[in-house]
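*Asks:* So that we are looking at the same thing, I have put the structure below in structure tokens.
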Amino acid sequence: MRILRGTALALAGGLALSAQAPFSVEQILSHPFPADLVAAPTGSTLAWTLNERGHRNVYVAEGPAFRPRKLTPYDSDEGQELSYLAFSDDGQQLVYVRGGDHGANWNAEGNLQPNPASSPTQPRMQVWAIAAAGGQPVLLGEGDEPAIAPRTKQVAFLRDGRVWAAPIDGSTPAAQLFFARGESESLTWSPDGSALAFVSNRETHSLIGIYTSQRDPIRYLAPSTSRDSSPRWSPDGSRIAFIRQPGRGGPVPNPLEQQPQPWSIWVADAATGLGREVWKSGTALADSLPRTLGGSNLHWAAGDRLVFLSYADGWPHLYSVPAAGGTATLLTPGPFMVEYVSLSPDRRTLFYNANAGPDPGDIDRRHLFSVAVDAAPPTQLTTGREIEWNPVVTGDGRSLAYFSSGARRPGLPAVMSVAGGPPRLLGQDRIPADFPTEQLVVPDSVIVRAPDGVEVHCQLFKPRGGAGKYPAVVFVHGGPPRQMLLGWHYMFYYANTYALNQYLASRGFIVLSVNYRLGIGYGHAFHYPDHAGVRGASEYQDVLAAGKYLQTRPDVDASRIGIWGGSYGGYLTALALGRHSDVFSRGVDIHGVHRRDPSIPLSEASRAMLDGLSEQTLNRMIETAWSSSPVSTVPTWKSPVLLIHGDDDRNVRFEQTVDLGRRLRAKGVEVEELVIPDDIHDFLLYRNWVAVGRATADYFERKGGSD
């Protein structure tokens with residue numbers, strides 16, 4: 001057994017290979033990654049976070065020049081997230097959260113915060129405030145999800161499921177704002193800052209509550225046995241709209257079949273708590289609450305209209321309905337997906353990105369659009385071969401800001417006039433001088449067909465070089481509701497995997513990134529396929545089709561096709577190595593799910609569901625889940641594998657890798673491993689991403705790389 005310990009990876013034979021490579025893994029992973037773009041409610045100030053080699057900071061820029069400047073002082077690779085960036089109502093101050101793991105499926109025991117740098121001092125998740133003009137950050141207290149009250153600038157935030165508050169200047173210590181049963185979440189202040197709406201999650205059901213003062217009882221809006229979420233204040237503060245779904249319980253559904261999840265929109269009077277349903281979804285599977293960025297994307301728009309996202313016509317589109325109730329109007333018709341939705345300051349126009357445009361490859365990109373809240377058709381704002389996302393309009397209504405990337409250029413903020421005109425990139429000097437822009441390849445769009453006829457979109461990275469046969473690698477993304485693009489990705493994890501695919505291409509590999517079913521971007525039937533995942537892994541045939549496509553290419557050595565991926569991509573990597581070692585000769589499985597059966601520890605709710613099933617259904621479920629699991633393929637698994645996992649993973653339990661490794665070694669399969677102490681699923685440290693990238697490339701080189 002070969003063990004690659006921590007981040008100190010010795011490249012046996014890799015030093016010679018790195019000399020041949022046109023750039024290093026450190027260089028390609030040095031790309032800056034922007035996120036959390038927000039606009040001040042007034043004026044022209046913008047703010048965003050930027051991750052530069054693990055140094056995470058807040059940047060701001062003011063119009064009309066929009067010259068970026070760093071606002072916060074964090075200058076080391078500590079692995080502490082920055083999130084929940086927000087402006088005060090006057091635009092003079094910002095709050096943000098430092099620390100935590102906001103992509104986790106569960107909290108660590110004791111609610112311990114991630115400590116990927118293995119610091120002897122226990123990290124905390126904390127709420128901070130800082131003046132937009134500059135200065136030192138002010139600690140407001142331990143907590144998460146801050147919400148700033150208009151006018152008073154009181155900052156409410158969550159700590160251990162309770163609501164706390166502190167003045168934005170930190171002049172007095174934070175204190176618990178009020179007591180409420182259940183776990184509180186989704187804090188949102190009324191427009192005048194006098195009342196705080198929140199969700200009280202009580203496991204089987206959830207309620208929308210309103211807190212006004214210590215003198216007044218908390219008022220719950222139209223309480224029921226349902227799960228209520230996403231409270232949105234009307235502009236005048238008199239009403240609240242929210243999403244309602246059925247409570248947990250009732251007849252036990254067949255776990256081998258997908259179940260529709262109907263939902264509705266309610267509006268309640270903030271003073272009396274009386275509410276009524278103003279819109280209701282259908283009952284088909286496509287009518288379920290969307291599982292895309294922003295979920296329902298509920299907004300209270302001008303003209304007393306509510307805007308929301310629905311998959312009703314087979315694509316996630318924006319709809320608008322009167323707040324008094326009525327027929328919903330489809331705002332964004334067409335075969336594309338809407339993401340990252342924001343309202344203009346006057347609430348009359350929606351801005352969003354979608355995988356649409358005149359170029360056939362735009363289905364694997366993102367472009368910007370706008371549409372009036374009460375009418376179609378939309379207006380396309382950007383076109384071309386680049387990728388644009390996360391549009392926001394400045395508080396003065398004059399400029400549209402967003403993020404932009406290309407096939408060779410990583411993401412940067414950009415601005416353009418709302419009235420039209422050329423865009424302007426911000427912060428190009430944040431791309432390191434030695435970043436290998438000109439040495440990167442432009443991936444090709446490739447469509448392969450699965451055995452059952454499903455079209456599968458892929459991105460093909462071809463190394464620069466002469467004719468001949470190259471080793472190849474299939475890349476499988478995680479999620480699974482994700483879509484890989486023809487350029488630098490808008491999610492941090494996949495910006496890094498895109499970089500590593502470019503790195504593999506630079507080292508002489510043909511790389512095929514496959515958008516298998518269960519992913520987003522190609523309609524509801526593709527996103528929610530039958531017999532997928534634990535119900536039969538039907539999506540695996542898309543991965544196999546990608547491998548077999550590579551076998552047919554004249555520039556690929558069919559005996560040297562590998563596969564790699566993380567999380568759900570690790571699951572499919574392991575499934576490929578076990579089921580088809582004849583196609584996939586080696587692989588790198590990063591924090592993959594390997595065993596999917598009821599013997600794994602379940603939540604109390606999941607266990608209760610299983611207890612309600614008939615013995616016959618339960619046995620079928622266990623059998624199907626087992627046959628869909630990589631561990632069931634161990635008897636036919638022959639290909640060597642590198643297993644990589646951070647042992648503080650809060651999305652895929654570390655024991656999944658322990659279990660698979662032991663089974664494979666008992667079978668005699670060649671297993672290597674790289675364990676990263678204290679890091680989480682997303683690898684918070686830049687140096688750990690470098691270690692993972694170097695280990696992956698070195699492994700493929702040693703197990704059949706370029707000649």
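The values are calculated or read from the model by the stated rules, or taken from the named source; none is laboratory data. On a predicted model such as this, the values are computed, not experimentally measured, just so you know. Backbone-built Cβ (ideal geometry, glycine too); neighbour counts: all protein chains shown.
*Asks:* From (1) touching a Pro at 6+ places or on another chain (Cβ under 6 Å); (2) part of a strand (DSSP E or B), pick out the condition that doesn't hold for Gly395.
*Replies:* Unmet condition: (2).
*Asks:* Consider Gly384 carefully, then state whether it is more than 30 Å from Pro41 (Cα to Cα), out of contact with any strand residue (DSSP E or B) (no Cβ under 7 Å at 6 or more places or on another chain) and without any contact (Cβ under 8 Å) to a residue 40 or more places away in the chain.
*Replies:* On the way: more than 30 Å from Pro41 (Cα to Cα): yes; out of contact with any strand residue (DSSP E or B) (no Cβ under 7 Å at 6 or more places or on another chain): yes; without any contact (Cβ under 8 Å) to a residue 40 or more places away in the chain: yes.
Yes; evaluated as a whole, the condition is true for this residue.
*Asks:* For segment 89-148, enumerate the residues that are of a type in the set (Asp, Glu) and on the phi > 0 side of the Ramachandran plot.
*Replies:* Taking segment 89-148 as the starting set, the residues that turn out to be of a type in the set (Asp, Glu) are 89-90, 101, 109, 142, 144-145.
Within segment 89-148, just Glu145 meets the criteria.
*Asks:* With segment 178-297 as the region, which strands (runs of 3 or more DSSP E) entirely inside it contain at least 1 residues that are basic (Lys, Arg) and buried (at least 19 other Cβ atoms within 10 Å of the Cβ)? So that I can check it myself, show each step before the final result.
*Replies:* Values: elements: 183-189, 196-201, 206-211, 227-233, 239-245, 264-269, 275-280.
Counting at least 1 such residues, we get 227-233, 239-245.
*Asks:* Scan the strands (runs of 3 or more DSSP E) fully inside segment 32-148 and keep the ones with 3 or more residues being farther than 28 Å from Trp389 by Cβ. Before you say what the answer is, go through the steps one by one.
*Replies:* Details: elements: 33-39, 45-52, 55-62, 82-87, 93-98, 126-131, 138-142, 144-148.
In segment 32-148, 138-142 are the strands (runs of 3 or more DSSP E) which contain 3 or more residues that are farther than 28 Å from Trp389 by Cβ.
*Asks:* Also: Look through Arg596, Arg607 and report the one residue that is farther than 26 Å from Arg482 by Cβ and either surrounded by fewer than 19 Cβ atoms within 10 Å (Cβ to Cβ) or modelled with pLDDT under 95 (or both). Steps first, answer last, please.
*Replies:* Values: Arg596 fails: farther than 26 Å from Arg482 by Cβ.
Being farther than 26 Å from Arg482 by Cβ and either surrounded by fewer than 19 Cβ atoms within 10 Å (Cβ to Cβ) or modelled with pLDDT under 95 (or both) holds for just one of Arg596, Arg607, which is Arg607.
*Asks:* Pick out, from segment 427-486, the strands (runs of 3 or more DSSP E) lying fully within it that include 1 or more residues that are among the small types (Gly, Ala, Ser). Can you show your working first?
*Replies:* Working: elements: 444-449, 455-461, 470-476.
Answer list for segment 427-486: 444-449, 470-476.
*Asks:* Residue check: is Val60 of a type in the set (A, V, I, L, M, F, W, C), over 21 Å from the mean Cα position of the chain (by Cα) and crowded, with 18+ Cβ neighbours inside 10 Å? Explain how you work it out, then say what you get.
*Replies:* Numbers: of a type in the set (A, V, I, L, M, F, W, C): yes; over 21 Å from the mean Cα position of the chain (by Cα): yes; crowded, with 18+ Cβ neighbours inside 10 Å: yes.
Against the criterion (of a type in the set (A, V, I, L, M, F, W, C), over 21 Å from the mean Cα position of the chain (by Cα) and crowded, with 18+ Cβ neighbours inside 10 Å), Val60 qualifies.
*Asks:* Let me ask something additional. Pick from segment 320-359 the residues that are of a type in the set (Ser, Thr, Tyr) and touching a Ser or Thr at 6+ places or on another chain (Cβ under 9 Å): which of them is nearest to Gly43 (Cα to Cα)?
*Replies:* Going residue by residue through segment 320-359, those that are of a type in the set (Ser, Thr, Tyr) are 320, 327, 329, 332, 340, 342, 344, 349, 352.
Narrowing further to those that are touching a Ser or Thr at 6+ places or on another chain (Cβ under 9 Å): 320, 329, 344, 349, 352.
Values: Ser320: 28, Thr329: 32, Ser344: 13, Thr349: 18, Tyr352: 21 Å.
Checked segment 320-359; the qualifying residue nearest to Gly43 (Cα to Cα) is Ser344.
*Asks:* Determine which single condition Ala372 fails, assuming it passes every other condition in (1) assigned by TED's automatic domain parsing to the domain that holds Asp89; (2) surrounded by 15 or more Cβ atoms within 10 Å (Cβ to Cβ).
*Replies:* With respect to (1) assigned by TED's automatic domain parsing to the domain that holds Asp89; (2) surrounded by 15 or more Cβ atoms within 10 Å (Cβ to Cβ), Ala372 is out only on (1).
*Asks:* Scan Ser200, Ser264, Ser224, Ser234 and give me the residue that is touching a residue at least 24 places away in the same chain (Cβ under 8 Å), out of contact with any helix residue (DSSP H, G or I) (no Cβ under 7 Å at 6 or more places or on another chain) and polar (S, T, N, Q). Step through it out loud before you land on a result.
*Replies:* On the way: Ser200 fails: touching a residue at least 24 places away in the same chain (Cβ under 8 Å); Ser264 fails: touching a residue at least 24 places away in the same chain (Cβ under 8 Å); Ser224 fails: touching a residue at least 24 places away in the same chain (Cβ under 8 Å).
Matching residue, one of Ser200, Ser264, Ser224, Ser234: Ser234.
*Asks:* Read through the list (1) out of contact with any Leu (no Cβ under 7 Å at 6 or more places or on another chain); (2) touching a residue at least 40 places away in the same chain (Cβ under 8 Å); (3) outside any strand (DSSP E or B), then give the number of the only condition that Ser342 fails.
*Replies:* Evaluating Ser342 over (1) out of contact with any Leu (no Cβ under 7 Å at 6 or more places or on another chain); (2) touching a residue at least 40 places away in the same chain (Cβ under 8 Å); (3) outside any strand (DSSP E or B) leaves (3) as the failure.
*Asks:* Take Ala356 and decide whether it is surrounded by fewer than 18 Cβ atoms within 10 Å (Cβ to Cβ), on the phi < 0 side of the Ramachandran plot, among the aliphatic types (A, V, I, L, M) and in a loop (DSSP other than H, G, I, E, B). Working first, answer last.
*Replies:* On the way: surrounded by fewer than 18 Cβ atoms within 10 Å (Cβ to Cβ): no; on the phi < 0 side of the Ramachandran plot: yes; among the aliphatic types (A, V, I, L, M): yes; in a loop (DSSP other than H, G, I, E, B): yes.
No: the conditions fail for Ala356.
*Asks:* Being in contact with a Pro (Cβ under 6 Å, 6 or more places away or on another chain), more than 20 Å from Gly314 (Cβ to Cβ) and not assigned by TED's automatic domain parsing to the domain that holds Gly411, is that true of even one residue in segment 348-358?
*Replies:* Step one: of segment 348-358, the residues in contact with a Pro (Cβ under 6 Å, 6 or more places away or on another chain) are 351.
When the remaining residues are screened for being more than 20 Å from Gly314 (Cβ to Cβ), the result is 351.
Of the ones still in play, those that are also not assigned by TED's automatic domain parsing to the domain that holds Gly411 are 351.
Yes, segment 348-358 has at least one match.
*Asks:* In this structure, does Asp362 turn out to be part of a helix (DSSP H, G or I) and either β-branched (Val, Ile, Thr) or not assigned by TED's automatic domain parsing to the domain that holds Pro68 (or both)?
*Replies:* Values: part of a helix (DSSP H, G or I): yes; either β-branched (Val, Ile, Thr) or not assigned by TED's automatic domain parsing to the domain that holds Pro68 (or both): yes.
Criteria met by Asp362.
*Asks:* Considering only residues of segment 516-564 that are among the small types (Gly, Ala, Ser) and within 20 Å of the chain's Cα centre (by Cα), which is nearest to Ser632 (Cα to Cα)? Before the answer, list the steps.
*Replies:* Within segment 516-564, the first condition is being among the small types (Gly, Ala, Ser), and the residues that meet it are 519, 521, 523, 525, 532-533, 536-538, 545-547, 558-559, 562.
Keeping just the survivors that are within 20 Å of the chain's Cα centre (by Cα) gives 519, 521, 523, 533.
Working: Gly519: 24, Gly521: 31, Gly523: 31, Gly533: 14 Å.
Top of the filtered list is Gly533.
*Asks:* I'd like the full set of residues that are of a type in the set (Phe, Trp, Tyr) and at pLDDT below 95, limited to segment 232-252. Give the derivation first.
*Replies:* Within segment 232-252, the first condition is being of a type in the set (Phe, Trp, Tyr), and the residues that meet it are 233, 242.
Selection gives nothing.
*Asks:* If you don't mind, another one. Report, by residue number, each residue of segment 156-183 that is of a type in the set (A, V, I, L, M, F, W, C), under 26 Å from Gln136 (Cβ atoms) and more than 26 Å from the chain's Cα centre (by Cα).
*Replies:* If we filter segment 156-183 for residues that are of a type in the set (A, V, I, L, M, F, W, C), which is where we start, we get 156-158, 163-166, 168, 174-175, 177-180.
If we keep only those that are under 26 Å from Gln136 (Cβ atoms) too, we end up with 156-158, 164-166, 168, 174-175, 177.
Within segment 156-183, Trp164, Ala165, Ala166, Ile168, Ala174, Ala175, Leu177 qualify.
*Asks:* Of everything in segment 388-410, what is in contact with a helix residue (DSSP H, G or I) (Cβ under 7 Å, 6 or more places away or on another chain) and buried (at least 20 other Cβ atoms within 10 Å of the Cβ)? Give them in sequence order.
*Replies:* Going through segment 388-410, the residues in contact with a helix residue (DSSP H, G or I) (Cβ under 7 Å, 6 or more places away or on another chain) turn out to be 408-410.
Matches in segment 388-410: Pro410 only.
*Asks:* Quick one: count up the residues across segment 1-37 that are modelled with pLDDT of 95 or more and over 22 Å from Asp429 (Cβ atoms).
*Replies:* In the first step, residues of segment 1-37 are kept if they are modelled with pLDDT of 95 or more; the result is 23-37.
In the following step, the residues that additionally are over 22 Å from Asp429 (Cβ atoms) were identified as 25.
Within segment 1-37, residues that are modelled with pLDDT of 95 or more and over 22 Å from Asp429 (Cβ atoms) number 1.
*Asks:* Shifting gears a bit: Which of the residues that make up segment 370-398 are under 23 Å from His457 (Cα atoms) and either more than 25 Å from the chain's Cα centre (by Cα) or not β-branched (Val, Ile, Thr) (or both)?
*Replies:* Keep residues of segment 370-398 that are under 23 Å from His457 (Cα atoms), which gives 382-389.
Selection gives Gly384, Arg385, Glu386, Glu388, Trp389.
A quick yes/no check of all residues on (1) among the hydroxyl-bearing types (Ser, Thr, Tyr); (2) surrounded by fewer than 19 Cβ atoms within 10 Å (Cβ to Cβ); (3) part of a helix (DSSP H, G or I):
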{"position": "Asn619", "(1), (2), (3)": "no, yes, yes"}
{"position": "Ser632", "(1), (2), (3)": "yes, no, yes"}
{"position": "Pro635", "(1), (2), (3)": "no, yes, yes"}
{"position": "Ser639", "(1), (2), (3)": "yes, no, no"}
{"position": "Leu643", "(1), (2), (3)": "no, no, no"}
{"position": "Thr657", "(1), (2), (3)": "yes, no, yes"}
{"position": "Leu660", "(1), (2), (3)": "no, no, yes"}
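*Asks:* Right, another one. Gly420 - would you say it is within 30 Å of Thr49 (Cα to Cα), in a loop (DSSP other than H, G, I, E, B) and at pLDDT below 95? Explain how you work it out, then say what you get.
*Replies:* Values: within 30 Å of Thr49 (Cα to Cα): yes; in a loop (DSSP other than H, G, I, E, B): yes; at pLDDT below 95: yes.
The answer is yes for Gly420.
Okay, residues lined up against (1) among the aromatic types (Phe, Trp, Tyr); (2) modelled with pLDDT of 95 or more; (3) farther than 30 Å from Thr394 by Cβ:
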position	(1), (2), (3)
Leu94	no, yes, no
Trp106	yes, no, yes
Gln113	no, yes, yes
Pro146	no, yes, no
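*Asks:* Also, I was wondering about something else. Would you mind finding the one in Gly334, Gly303 that is surrounded by fewer than 21 Cβ atoms within 10 Å (Cβ to Cβ), assigned to a loop (DSSP other than H, G, I, E, B) and small (Gly, Ala, Ser)?
*Replies:* Working: Gly303 fails: assigned to a loop (DSSP other than H, G, I, E, B).
When all the criteria are applied, what remains is Gly334.
*Asks:* May I ask you to verify whether Gly466 is at positive phi and either small (Gly, Ala, Ser) or in contact (Cβ under 8 Å) with a residue 12 or more places away in the chain (or both)?
*Replies:* Values: at positive phi: no; either small (Gly, Ala, Ser) or in contact (Cβ under 8 Å) with a residue 12 or more places away in the chain (or both): yes.
No.
*Asks:* Then there's this: Please go through segment 549-585 and give me each residue that is surrounded by fewer than 24 Cβ atoms within 10 Å (Cβ to Cβ) and assigned to a strand (DSSP E or B), ordered by number.
*Replies:* Hits for segment 549-585 are Val556, Asp557, Ala558, Ser559, Arg560.
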